[in-house]
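Shown next, in structure tokens, is the structure this report addresses.
The values are calculated or read from the model by the stated rules, or taken from the named source; none is laboratory data. Note that the structure is a prediction, hence the values are computed from the model and not measured. Methodologically, a virtual Cβ is constructed for each residue, glycine included, from the backbone with ideal geometry; neighbour enumeration extends over all protein chains shown. Areas reflect the complete protein model, heavy atoms only, side chains present, ligands, DNA and RNA absent. Shrake-Rupley method; radii C 1.70, N 1.55, O 1.52, S 1.80 Å.
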Amino acid sequence: MVGPNYGGPMDQSQLNAVRQPIQHAHGLPNEHYTDPDVYAEERSAVLMFGWSGLAVAADVPEPGDARPIDFAGMPLLLIRDKAGTVRVFHNICRHRGMILVDAPRKIEGAIRCPYHSWCYGTDGRLVSTPHVGGPGQNTADGIDKATLGLSEVRSHVWMDVVWINLSGDAPAFDDANADLISRWAEFDVPLHHGGPDSRFVLEVDCNWKLAVENYCESYHLPWVHPDLNSYSRLEDHYHIEAPDQYSGQGTLVYRQLRGDNGATFPDFAGLGAKWDTAAEYITAYPNVLMGVHRDHAFAIVLLPQGPGRTQENIHLYYAQPDTDDALRAANTAQWKKVFEEDIFVVEGMQRGRHAPAFDGGRFSPAMDGPTHLFHSWVAGRIDAHRASAQAAE
Ligand code: FES
Ligand SMILES: [Fe+2]
């Protein structure tokens, strides 16, 4: 059984089917996971219009630290400027478009284009244009440095995640995400990245949305994460559902990791009693998977790398800058195991999206609510994007 207009982008009836109440809703059709044209449409409609995660501020800890990042095919440059501010630029020279920085490094003086040596400050200002007016002439008519700084992308840091708004016209981050910021206000405290042993990258052969869809629900725990499920059972979980903003799940029985000597990580200061035993796992739409617990937090920034490929960048945070090395390593290992356990299902669903018979699927009304909300939001974004494109014609 296939939906109407099978084989191309969703038509209006398919968009509407995704946005039905969960009892009747279908999932997004196959093309949203496999088709390069639909991937490109979603890039604008879903990844560029609002605030998406790019990286974490801990990726550029010191002034001058610079890191090129490919965001869904767009070359960006994450940098901490000399004044300490995290900034994001398009990673291209204003002269003829050369890539400026092609590997992570420390910018000592200026960002120098390797092609004709135009130089930019870490704050993006164009500072020198050697021989632009001919040999020995470093100025030229029509080359106004004041208007030729690096193209900056709007960015904002929250929970150490660097969020970007590529369209440039989204509401301010704090307004767009007011509900989630308030929900997790108790965690709006200094988060200390655990360092090199608290970051890892997983490369997965699936569309980035499947990583979100899997993260949002706890339904799979008994079969995919039997160890986790041994103490945090299905019935200990609750849904977190904020339509068009975020969704995920929480557990009422978070159990702290203990070292051989019974030691635990220090708690974040000032948490309410709920967090003695609760933990929450939320996807901030579109692409940041976050988790909070009394004694640590994590962020997973999903970097789409094509319709069927995603890079998951995982970072763990603590309440204090110094924590026990062995305990921290054990915590990283524990989470790595959990996230690796999810790979076969997201990759399996990706392979499944090549079956012409798959119509987008159906949802468990009881168990899949947070995942359905994400599908519904994506369909709504595509609808809005097409409407505004049409209005502009
Ligand atoms: S392209 Fe950068 S200086 Fe020419
Ligand atoms: Fe999982």
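Are any residues in region 321-336 without any contact (Cβ under 8 Å) to a residue 60 or more places away in the chain, part of a helix (DSSP H, G or I) and either open to solvent by 30 Å² or more (accessible area, probe 1.4 Å) or within 16 Å of ligand 1 (Cβ to nearest atom) (or both), and if so, which ones?
Looking only at region 321-336, we keep the residues that are without any contact (Cβ under 8 Å) to a residue 60 or more places away in the chain, and these are 322, 333, 335.
Narrowing further to those that are part of a helix (DSSP H, G or I): 333, 335.
Across region 321-336, the qualifying residue is only Ala333.
Restrict the check to region 117-125 and report whether at least one residue is in a strand (DSSP E or B), away from ligand 2 (no atom under 16 Å from the Cβ) and open to solvent by 40 Å² or more (accessible area, probe 1.4 Å). Steps first, please.
Initially, region 117-125 is screened for residues in a strand (DSSP E or B), giving 119-120.
Okay, now just the ones that are also away from ligand 2 (no atom under 16 Å from the Cβ), so 119-120.
With open to solvent by 40 Å² or more (accessible area, probe 1.4 Å) added as a condition, the list becomes none.
Scanning region 117-125, I find no residue that is in a strand (DSSP E or B), away from ligand 2 (no atom under 16 Å from the Cβ) and open to solvent by 40 Å² or more (accessible area, probe 1.4 Å), so the answer is no.
Just the residues that are open to solvent by less than 40 Å² (accessible area, probe 1.4 Å) and among the hydrophobic types (A, V, I, L, M, F, W, C), please, taken from region 214-227.
Cys216, Leu221, Val224
Quick check on my filter: what residues within region 126-138 are exposed (fewer than 14 other Cβ atoms within 10 Å of the Cβ) and of a type in the set (S, T, N, Q)?
Listed by number, the residues that qualify are Gln137, Asn138.
Given the structure, is Ala185 open to solvent by 10 Å² or more (accessible area, probe 1.4 Å) and under 16 Å from the mean Cα position of the chain (by Cα)?
Values: open to solvent by 10 Å² or more (accessible area, probe 1.4 Å): yes; under 16 Å from the mean Cα position of the chain (by Cα): no.
Against the criterion (open to solvent by 10 Å² or more (accessible area, probe 1.4 Å) and under 16 Å from the mean Cα position of the chain (by Cα)), Ala185 does not qualify.
Based on this model, can you work out whether Tyr281 counts as more than 16 Å from ligand 2 (Cβ to nearest atom) and at pLDDT 95 or above?
In short, no.
Could you give every pair whose Cβ atoms fall below 7 Å, whose first residue belongs to region 107-121 and is in contact (Cβ under 8 Å) with a residue 12 or more places away in the chain and near ligand 1 (Cβ under 9 Å from one of its atoms), and whose second residue is open to solvent by 30 Å² or more (accessible area, probe 1.4 Å) and of a type in the set (Lys, Arg), counting only separations of at least 6 or pairs across chains?
Going by the 7 Å Cβ cut-off, the qualifying pairs are Tyr115/Arg96.
If a residue must be farther than 25 Å from Gly380 by Cβ and either aliphatic (A, V, I, L, M) or within 26 Å of the chain's Cα centre (by Cα) (or both), how many such residues does region 233-255 contain?
6
For region 235-254, what are the residues that are surrounded by 13 or more Cβ atoms within 10 Å (Cβ to Cβ) and either within 16 Å of ligand 1 (Cβ to nearest atom) or more than 17 Å from Leu180 (Cβ to Cβ) (or both)?
Residues satisfying the conditions are Asp236, His237, Thr251, Leu252, Val253, Tyr254.
Just to be sure, is Arg80 away from ligand 1 (no atom under 16 Å from the Cβ), of a type outside the set (Val, Ile, Thr) and in contact with an Asp or Glu (Cβ under 6 Å, 6 or more places away or on another chain)?
Answer is yes for this residue.
If a residue must be among the aliphatic types (A, V, I, L, M) and in a loop (DSSP other than H, G, I, E, B), how many such residues does region 67-103 contain?
Counting residues in region 67-103 that are among the aliphatic types (A, V, I, L, M) and in a loop (DSSP other than H, G, I, E, B) gives 6.
Could you list all residues from region 104-116 that are surrounded by 14 or more Cβ atoms within 10 Å (Cβ to Cβ) and not in a loop (DSSP other than H, G, I, E, B)?
Of everything in region 104-116, those that are surrounded by 14 or more Cβ atoms within 10 Å (Cβ to Cβ) and not in a loop (DSSP other than H, G, I, E, B) turn out to be Ile111, Arg112.
Tell me which residues, restricted to region 139-153, are of a type in the set (Gly, Ala, Ser), within 15 Å of ligand 1 (Cβ to nearest atom) and surrounded by fewer than 16 Cβ atoms within 10 Å (Cβ to Cβ).
Those that are of a type in the set (Gly, Ala, Ser), within 15 Å of ligand 1 (Cβ to nearest atom) and surrounded by fewer than 16 Cβ atoms within 10 Å (Cβ to Cβ): Ala140, Ser151.
Take region 155-182 and flag every residue that is without any contact (Cβ under 8 Å) to a residue 40 or more places away in the chain and either among the basic types (Lys, Arg) or surrounded by 15 or more Cβ atoms within 10 Å (Cβ to Cβ) (or both). Explain how you work it out, then say what you get.
Kept after step one, since they are without any contact (Cβ under 8 Å) to a residue 40 or more places away in the chain, are these residues of region 155-182: 158, 168-169, 171-172, 174-175, 178, 181-182.
Of everything in region 155-182, those that are without any contact (Cβ under 8 Å) to a residue 40 or more places away in the chain and either among the basic types (Lys, Arg) or surrounded by 15 or more Cβ atoms within 10 Å (Cβ to Cβ) (or both) turn out to be Trp158, Ile181.
Among (1) open to solvent by 50 Å² or more (accessible area, probe 1.4 Å); (2) farther than 29 Å from Gln20 by Cα, where does Leu257 come up short?
(1)
Could you go through region 50-58 and let me know if any residue there is outside any loop (DSSP other than H, G, I, E, B) and either of a type in the set (D, E, K, R) or within 16 Å of ligand 1 (Cβ to nearest atom) (or both). Walk me through how you get there before you give the answer.
Kept after step one, since they are outside any loop (DSSP other than H, G, I, E, B), are these residues of region 50-58: 52-58.
Next, from what is left, pick out any that are either of a type in the set (D, E, K, R) or within 16 Å of ligand 1 (Cβ to nearest atom) (or both): none.
Checking region 50-58: not a single residue is outside any loop (DSSP other than H, G, I, E, B) and either of a type in the set (D, E, K, R) or within 16 Å of ligand 1 (Cβ to nearest atom) (or both).
Is there any pair linking a residue in region 218-232 that is in contact (Cβ under 8 Å) with a residue 12 or more places away in the chain and more than 8 Å from ligand 2 (Cβ to nearest atom) to one that is open to solvent by 20 Å² or more (accessible area, probe 1.4 Å) and among the aromatic types (Phe, Trp, Tyr), with Cβ under 8 Å and at least six apart or on different chains, and which?
Partner pairs satisfying both residue conditions: Ser232/Tyr254.
In region 257-315, what residues are polar (S, T, N, Q) and in contact with a Lys or Arg (Cβ under 7 Å, 6 or more places away or on another chain)?
The one that is polar (S, T, N, Q) and in contact with a Lys or Arg (Cβ under 7 Å, 6 or more places away or on another chain): Thr264.
Which one of Ile99, Ile92 is modelled with pLDDT of 95 or more, crowded, with 17+ Cβ neighbours inside 10 Å, within 16 Å of ligand 1 (Cβ to nearest atom) and of a type outside the set (Gly, Ala, Ser)?
Working: Ile99 fails: crowded, with 17+ Cβ neighbours inside 10 Å.
Of Ile99, Ile92, the one residue that is modelled with pLDDT of 95 or more, crowded, with 17+ Cβ neighbours inside 10 Å, within 16 Å of ligand 1 (Cβ to nearest atom) and of a type outside the set (Gly, Ala, Ser) is Ile92.
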